[in-house]
Amino acid sequence: MVDVSAKPVSAREAVARGRIAIAPEAMRLVRAGRLKKGGVVEVARLAGIMAAKRTSETIPLCHPLPLTHVDVELTPRRDGFAIEARVRTEARTGAEMEALHAVAVAALTLYDMVKAADRGMTIGGIRLVRKTGGRSGDVRRR
């Protein structure tokens, strides 16, 4: 791991986004709550939150962080879901990996829950859209 012990603790936030494309018929089943695995949105949201909290256990060399806030939003679209994760911490290193991990796992959870209705789903566009705090300052991208 990179030695961050000389860096000051500071408030940091990271926001990541991604998408999952789901066929219209499968989205109708999702909206109607007719999938065998149940309500997908809350399960995927919780999976994303749990993933953010455990990022250092799955990504080698990633520092464990004391997260102070994690929020994962899944917004239904006609062709799937937009996913956004927001992570906050007060630490010596940023929370970008935690936000990205949360989006990825939320998308994978949606895939798992919907795959019986749609085997052609695609996950993509996972990216960091904002980070604040730390030595490198604020970063914004769409």
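The values are calculated or read from the model by the stated rules, or taken from the named source; none is laboratory data. Fair warning: this is a prediction, and the values are worked out from it, not measured in the lab. No Cβ is skipped: glycine too gets one built from the backbone with ideal geometry, and neighbour counts run over all protein chains shown. These area figures cover heavy atoms from the full protein model, side chains too; ligands, DNA and RNA do not enter into them. Shrake-Rupley method; radii C 1.70, N 1.55, O 1.52, S 1.80 Å.
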Calculated FRET efficiency, E73 and R119, Cβ-Cβ r, R0 30 Å, to nearest 0.05?
0.70
Per-bin percent of Cα-Cα distances, the chain [5 Å]:
2, 11, 20, 21, 16, 11, 8, 6, 3, 1, 0
Where labels lie 7 Å past Cα in the beta-carbon direction, separation of C62 and E25 in nm
3.6 nm
Keeping all protein chains in place, calculate the accessible area per residue for segment 14-86 (probe 1.4 angstrom), answer in Å².
55 Å²
Pop out the carbon and sulfur fraction of the accessible area of the chain as a percent, whole number, probe 1.4 Å.
54 percent
Dipole magnitude of the chain, debye to nearest 20 (Cβ charges: Lys/Arg +1, Asp/Glu -1, about Cα centre):
380 debye
Relative contact order (percent) for segment 32-142, with alpha-carbon contacts under 8 angstrom and 6 or more residues of separation?
26 percent
Top to bottom by accessible area (1.4 Å), largest first, where do M27, M97 land?
M97, M27
Could you order T109, T55 so the one with the most accessible surface comes first? Probe is 1.4 Å.
T109, T55
Cα long-axis angle, helix 40-53 against the chain (0 to 90 degrees, to the nearest 10):
20 degrees
Just tell me which lysines come within less than 29 Å, Cα to Cα, of K36; anything on the same chain fewer than 8 places away is out.
K53, K115
